[in-house]
Amino acid sequence: MKVMKKMILFMLAVAFHSGIYAYQPESVLWYNQPAGEWHEALPVGNGRLGAMVFGGYAGETIQLNEESLWAGCKTEANADAASHLPEIQQFLLSGHIGRALELSKKYLQSDPMRIRSYQSFGELKINFFEGAVPKATNYRRELNLETGVASVVYELGNTRYTRELFISAPDNALMLRLTAAGPDKLTFRLSYVREQDATAFPVSENELEIKGQIVDLPRQESSDGGLHMKFAGRIRGVNKGGRLTTVNNAFFVENADEVLFSLTAATDYNFEKLDFDRNIDPSSVCKNILDKLDLRDYAGIKDRHVREHSALMNRMSFTLGTDNLSGVPIDERLQRVKDGATDLALVALYFQYGRYLLLNSSRTPGVLPANLQGIWCKDMQAAWSSDFHTNINIQMNYWPAEVCNLSETVIPFSRLINALRVPGRITAKKTYGSGGWTMNHLTDPFGHTSISDDVGWGTFPIASSWLVLHQWEHYLFTRDAAYLRNEAYPCMKEAAEFILGFLVKDKNGYLVTAPSNSPENAYLLNGQSFNFTYAATVDVEIIIELFRACIQAGKILKQDDAFRKRLENTLKKLPPVQISKRYGTIQEWVEDYEEAEPGHRHISHLFGLHPGAMITPSTPVLFEGAKKTLERRLSNGGGHTGWSRAWVINFYARLLDGENAGKHIQALLAKSTLNNLFDTHPPFQIDGNFGGTAGIAEMLLQSHNGELHLLPALPPDWKSGQITGLCARGGWVVDLRWENGVLVSAHVFSKNGGKCKIRYQEQTKTISIKPSEIYTYSIE
């Protein structure tokens, strides 16, 4: 009987935590009118392909992306500065910042200083009418987060028209289905357009081929112009009733009952080379993908997609509050929030939307991580090139990945980090005169690791150390020893080796980073404003986290004893994180400088609070300093961008301040969220979505401090709720339910088995369970 009971519990646990039985109380974004602008359209994706669906009935626009379609090319941009670095460092250490900056502009400048942009693949345009357009009735446009299907339904006269679109990961293609039910039929033109560098043409009566090559024109401070990345696409169509044919760059459909299109796209980018590869024929890649699809079996294609997508999304469910506003369009609900109302169900939906966006911008069949816009970009020259920004933004993209039960989304990010070691070794040696590997404040698919944009704030050699901490986190959550040994630890160790070779001794005998900056912020010295410094607090905090992680990883892997001792000795020689004598805040720089912008969007000196783990209630002086830092930043206008506000939520969660965390979630929705729930910097930048989702999770479960802390920062107005599938370091999965602000039940599922300490308010309990067992936590 005991064996049978254990078997039943095991089967239920596996089923529940794989998403089979998860219940999604609200998982639909819906609207009663088409999108008027790009940031009102609805996103779909599969990690490699992305699309934005506008949902028009007079005409439809579907904007397309392929993850690797970037302007530019591989360059050797590193400044040959190693021999000049000691002089620059001495000027920094002696307080002659202007002279250090002058030399740095002469010797640290990369060539080129700027990368080129991620680009749109183009658009599908569907034209149904010319001239006057009849009025549609019973219109509904929606995106189902659970199934990953976007759809549009409306009526014209006595005919009901339906369109649905999804991008399948199993079949690696976009599927678009149009139907008409009633006396009228489907007659339209579907064309492919791109503002530059591509053409579409028929290859048969039911297939278009797209061919393109990016033409980069000369641009100051950018990589050389020329004929660069090649790309291609294919679109196939089949119809029921009427006729379908290809003409020019389009399909013409007449009097059909149903039409189905499949589309895929590819480039000649080779991730293994971090470059385009003329041995790759993107047109053949596309043909091979579509040849595997049987368009007569649309139901099977859709079923494969929905089953795979929903299994991932349904690993979690989240219900918040008791109000049911699912019958109100999302844009109207968001406007109510902007007007001061509270919509807790919208908070829960926003949480799931963040998971949805990460899942669909960072996963197989894709190979690249989510960029500044995930995978969705309409421009040829995007804001900040829609690049991989490495001084907070790409890191924030992956904050929800582990805790929100989408661990596999980290893999493209981890693989890019691993690949960057090769160019990063050149940057470490040639520019900084050190071993190991490093990079600066941004990169692209071509492996850019040199200083970019501006020496003052683009010099950020701590970036590699920050990035590899995500690999360590992946191990902490999964306990995948093979991953730690083969991928994470080698990257971590080399990043630490760079730091060991880069540190220099300051006037107080501390080992410090030089040059350095606190991302994008500036301080005042002798009437001047500078980014350039040495030993910015964020550097010290990151190095402490990295060295501690390397020491722990070495012990787990039982290797590198001498290296660990060197790290331990170096930790003792780092400067302390200091408290400002003027404000009682965490000092942002090694000296207690006045900030040029006290309300700056970056709050990097609180890295040790979040995402780091060195500032906790067990370090009361720093913990109190972190509170005052946040108060001062916000009182001066900080948190004004979407992603900055999202970071503030995470800070307050770590400060165990649910009331303020909840207020800033409200502010994130009211001030920094677009009608399709995209985050806005402005403009659109996806890291705020991911940071907001991570912040909500951090309010409900924390595990960075060696224990499972249940409901650590629950806002007072989140009186009732339930969440399932939250993940914690150590391979734990947690389900929580609370009523009237009090925990009612908690179930802890163990993937790996072992001991863990559970905390709820002031109550703690240590448990020990076997793999795949569930522990029910009771309130005493």
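Some points to look at:
- Within segment 587-642, the set of residues being hydrophobic (A, V, I, L, M, F, W, C) and open to solvent by 10 Å² or more (accessible area, probe 1.4 Å) comprises Val590, Ala596, Ala613, Met614, Val621, Leu622, Phe623, Leu634.
- Scan of segment 247-282 for residues that are in a loop (DSSP other than H, G, I, E, B) and of a type in the set (A, V, I, L, M, F, W, C), ordered by number: Phe271, Leu274, Ile280
- Members of segment 330-350 found to be of a type in the set (Asp, Glu) and surrounded by 14 or more Cβ atoms within 10 Å (Cβ to Cβ), listed by number: Asp331, Asp343
- Qualifying residue in segment 16-24 (condition: at pLDDT 55 or above and part of a helix (DSSP H, G or I)): no
- Here segment 451-478 is the region considered, the condition is being modelled with pLDDT of 95 or more and either of a type in the set (Asp, Glu) or over 22 Å from the mean Cα position of the chain (by Cα) (or both), and the residue that is surrounded by the most Cβ atoms within 10 Å (Cβ to Cβ) is Ile451.
- Elements of the type helices (runs of 4 or more DSSP H) sitting completely within segment 557-669 and holding at least 1 residues that are farther than 26 Å from Glu473 by Cβ, touching a helix residue (DSSP H, G or I) at 6+ places or on another chain (Cβ under 8 Å) and modelled with pLDDT of 95 or more: these cover 620-635.
Residue-wise test of (1) open to solvent by less than 70 Å² (accessible area, probe 1.4 Å); (2) among the aromatic types (Phe, Trp, Tyr); (3) over 21 Å from Asn405 (Cα atoms); (4) assigned to a loop (DSSP other than H, G, I, E, B).
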position	(1), (2), (3), (4)
Ser745	yes, no, no, no
Asn752	yes, no, no, yes
Ile758	yes, no, no, no
Tyr775	yes, yes, no, no
Ile779	no, no, yes, yes
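- Qualifying residue in segment 47-54 (condition: over 30 Å from Leu420 (Cβ atoms) and surrounded by fewer than 24 Cβ atoms within 10 Å (Cβ to Cβ)): yes
- Note on segment 362-389: among residues that are assigned to a loop (DSSP other than H, G, I, E, B) and out of contact with any helix residue (DSSP H, G or I) (no Cβ under 8 Å at 6 or more places or on another chain), the one that is surrounded by the fewest Cβ atoms within 10 Å (Cβ to Cβ) is Gln381.
- Every test in (1) of a type in the set (A, V, I, L, M, F, W, C); (2) touching a residue at least 24 places away in the same chain (Cβ under 8 Å); (3) assigned to a strand (DSSP E or B) is passed by Ile767 save one, and that test is (2).
- Residue match in segment 275-283 (condition: over 30 Å from Gly424 (Cβ atoms) and out of contact with any helix residue (DSSP H, G or I) (no Cβ under 6 Å at 6 or more places or on another chain)): yes
- Test: residue in segment 319-329 that is open to solvent by 40 Å² or more (accessible area, probe 1.4 Å), more than 29 Å from Thr179 (Cβ to Cβ) and at pLDDT 95 or above: yes
- Residue count for segment 64-87 under the criterion of being more than 20 Å from Val504 (Cβ to Cβ), touching a strand residue (DSSP E or B) at 6+ places or on another chain (Cβ under 9 Å) and open to solvent by 20 Å² or more (accessible area, probe 1.4 Å): the result is 2.
- The condition of being open to solvent by less than 70 Å² (accessible area, probe 1.4 Å) and either over 16 Å from Val540 (Cβ atoms) or assigned to a loop (DSSP other than H, G, I, E, B) (or both) does not hold for Gln552.
- Residue pairs whose Cβ atoms lie under 6 Å apart, separated by 6 or more positions or on different chains, with the first residue in segment 695-711 and in a loop (DSSP other than H, G, I, E, B) and the second of a type in the set (Ser, Thr, Tyr), are Asn705/Thr616.
- Of all residues in segment 292-318, exactly one satisfies the criterion of being surrounded by 13 or more Cβ atoms within 10 Å (Cβ to Cβ) and modelled with pLDDT under 95, namely Leu295.
- Residue count for segment 674-684 satisfying the condition of being open to solvent by less than 10 Å² (accessible area, probe 1.4 Å), closer than 16 Å to Asn397 by Cα and either among the polar types (S, T, N, Q) or in a strand (DSSP E or B) (or both): 1.
- If the condition is being open to solvent by 30 Å² or more (accessible area, probe 1.4 Å), part of a strand (DSSP E or B) and among the hydrophobic types (A, V, I, L, M, F, W, C), then segment 207-246 contributes Val215, Leu227, Val238.
- Single condition Arg654 does not satisfy, out of (1) among the basic types (Lys, Arg); (2) in contact with a Gly (Cβ under 6 Å, 6 or more places away or on another chain); (3) crowded, with 24+ Cβ neighbours inside 10 Å: (2)
The values are calculated or read from the model by the stated rules, or taken from the named source; none is laboratory data. Because the structure is a prediction, the values reported are computed rather than measured. FYI the Cβ positions are ideal-geometry reconstructions off the backbone, even for glycines, and counts take in every protein chain you see. For the accessible areas, the whole protein counts, side chains as well, though only heavy atoms, and no ligand, DNA or RNA atoms are used. Shrake-Rupley method; radii C 1.70, N 1.55, O 1.52, S 1.80 Å.
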